[in-house]
Amino acid sequence: MGKKDVEAALGRGVDILNEFLPLKSWLYFPVLYSACVWAVRRVFDYQERILAWQVWLDPEFVRTKPDEFVLHFFSGHESLSKAYADEIGRRDLRVLRAAFPALYPIFGLEDAFLTALFKAEIEAADYRAIVVEFASRTGKARDDIQPAAANPDFWKALQLIGMEAASLGLHLLKDEDVQNMIIALVKKPAAVSPDIPPDA
Amino acid sequence: MKRKLFSLAAIALVIILSVSCLPHLRKAKQFYAEGQGQARAFRTEAAIASWKRALDEAGRECRRKPSAQAFTIKGLAETNLGRWRDAEASFLKAFSLGFEAGEAWASDVALAGLASSFEELGLEAPALRIYAQLIDKSDFKPVLMTAAEKRTNLVLARAVGSEPEEKARTLAGLLKALDRLLDRDFACGLYHYLHAQVDGHAGDFRRSYEEAVMARELGLPSEKIVRDNDNQLVYCYDKLMETLPAAEGETFAAAHSGWTKKWGWRDARTPAWKKE
């Protein structure tokens, strides 16, 4: 059990995703990476939540933050504080507040799917591009994933991939290594699409 | 013999028909509940798939046997899929059909869903009125929690841009409402989380910190809220360390260190879920 086994399991995952999401290889990385993150956290063990007869809406986190919290978020993050140094210095809350809804879920709450979806921009430290593209790219991801998402076999397959990789020692690898491994595997097939949406 | 066979065939037919008819509403609820569970665990895509299936099943049930419950679940699935106009129509249809005795929970859920649709369609005032009414009248905890969160969010969004005096008044009113909820159910982690958020807006970092600690200890309904609450703890910790006199700051840092050790944080400012 080790890196090679995990790599093989994730490779099978890419093949399976190819069946469910043909020509949507830009989605493989975020889907597979988030599956891995949750497999390691063991939320795949979720019990069948059959709540018999009662269903309801769930509460969300409070999205409206005070100015000081927004400033604290930007200045407390090493890369964001550099990218937005001027705005932080001027306390330009118009710009910072506009960027906050896109950047807080990624850097503040560390949503695995969003982190993977904007990996290229995160690596290039192009945070303003994330802000510009956030709504359209997350919307496109949601639309493109719909046909496969309606198929319960897709989620079962993804769960199995995550569990297999986790059982083979996924948790022993660095997060960065897992990301790079998946990217390398996604780029392997002959018909490679770009890893960002074509018209993003 | 023929009669016996006919009776058996009739019974078999009834069983087959009831089995094929029964599942729509139940399946709709099941898929909807699965979607909620997936959303709580940050698995957005899986949640969307489940809600779509819930919507299909609820739609079938509404066509086959229209009922307030079926339209409520259809509306809930539409709400989560962002189909606000459809959701509004479904909830209104649910009310027009009327809820049976013992379905007060469903009526409250439909009301909360309707308010949520109004909110998304830009009708904040009626949404706020419904949330306020639910907070005062509903006995159904999940609805109370959602109404409290939604109302807090809406009121805070209004308060952010207002004049300082008006903002202080608004926040004081909000805190009073949350205190009343805590009087009713002090063990609800979400109410403490909401209190911490409003205290943060009011600049009361010590109270905000204490409420966020309580929220963490009592438990919160989703991973997303837990993480946001942790960020609030770090924010308050930094603010307090900046402003407290040295001796008081040291005592506070020691207490904070005790909590973070208990929660398995890597240091005073790094929760376990944060990347290295």
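General remarks:
- Where labels lie 7 Å past Cα in the beta-carbon direction, separation of B:Lys275 and B:Arg158 in nm: 3.9
- Of B:Lys27/B:Lys141; A:Lys3/A:Lys119; A:Lys82/B:Lys262, pairs whose Cα-Cα distance is over 26 Å: A:Lys82/B:Lys262
- Counted residue by residue at 0.36 nm each, then reduced by the alpha carbon distance between them, the extension gain from B:Lys141 to B:Ala101 reaches 12.5 nm.
- Taking 0.36 nm per residue of separation and subtracting the current Cα-Cα distance, fully stretching the chain between B:Glu250 and B:Glu217 would add 9.6 nm.
- The stretch B:65-121 and the stretch A:76-136 have their alpha-carbon centroids 36 Å apart.
- Average projection area in nm² (convex hull over Cα atoms of chain B, one quarter of hull surface): 19.8
- Computing FRET efficiency as 1/(1 + (r/R0)^6) for B:Thr243 and B:Ala132, where r is the C-beta to C-beta distance and R0 is 30 Å, gives about 0.30.
- In plain terms, the chain from B:Asp183 to B:Ser257 could stretch by 23.7 nm, reckoned as 0.36 nm per residue minus the Cα-Cα distance.
- Point-to-point label distance, A:Arg94-A:Glu68, nm (Cα→Cβ direction, 7 Å offset): 2.5
- Per-residue mean of C-beta atoms belonging to partner chains within 10 Å, peptide A:68-75: 3
- Treating r as the C-beta distance of B:Asp267 and A:Asn180 and R0 as 22 Å, the FRET efficiency rounds to 0.25.
- Counting only other chain Cβ atoms within 10 Å of each residue's Cβ, the peptide B:29-36 averages 5.
- Across the stretch B:206-212, rounded Karplus estimates of 3J(HN,Hα) from the backbone phi angles (6.51 cos²θ - 1.76 cosθ + 1.60, θ = phi - 60°) give 5, 5, 4, 4, 5, 5, 5 Hz, Gly and Pro being marked x.
- Among the listed pairs B:Lys65/B:Lys93; B:Lys93/B:Lys150; B:Lys29/B:Lys52; B:Lys29/B:Lys150; A:Lys4/A:Lys156; A:Lys4/B:Lys275, a Cα-Cα separation exceeding 21 Å is found for B:Lys93/B:Lys150; B:Lys29/B:Lys150; A:Lys4/A:Lys156; A:Lys4/B:Lys275.
- Peptide packing for B:240-249, A:154-163, B:179-188, A:93-102 was compared via the average number of neighbouring C-beta atoms within 10 Å per residue; ordered from the highest value, the list is A:154-163, A:93-102, B:179-188, B:240-249.
- log₁₀ of I(q)/I(0) at q = 0.16 Å⁻¹ - the stretch B:42-160, Debye sum with one point per alpha carbon: -0.75
- When the stretch B:42-160 is described by a simple charge dipole with +1 on each Lys and Arg Cβ and -1 on each Asp and Glu Cβ, the residue from B:Leu92, B:Val160, B:Gln133 located farthest towards its positive end is B:Leu92.
FYI, it's all coordinate maths here, none of it is from the lab. This structure is a prediction, so every number in the text was calculated from the model and none was measured. Note that we place each Cβ from the backbone using ideal geometry, even for glycine, and neighbour counts take in every protein chain shown.
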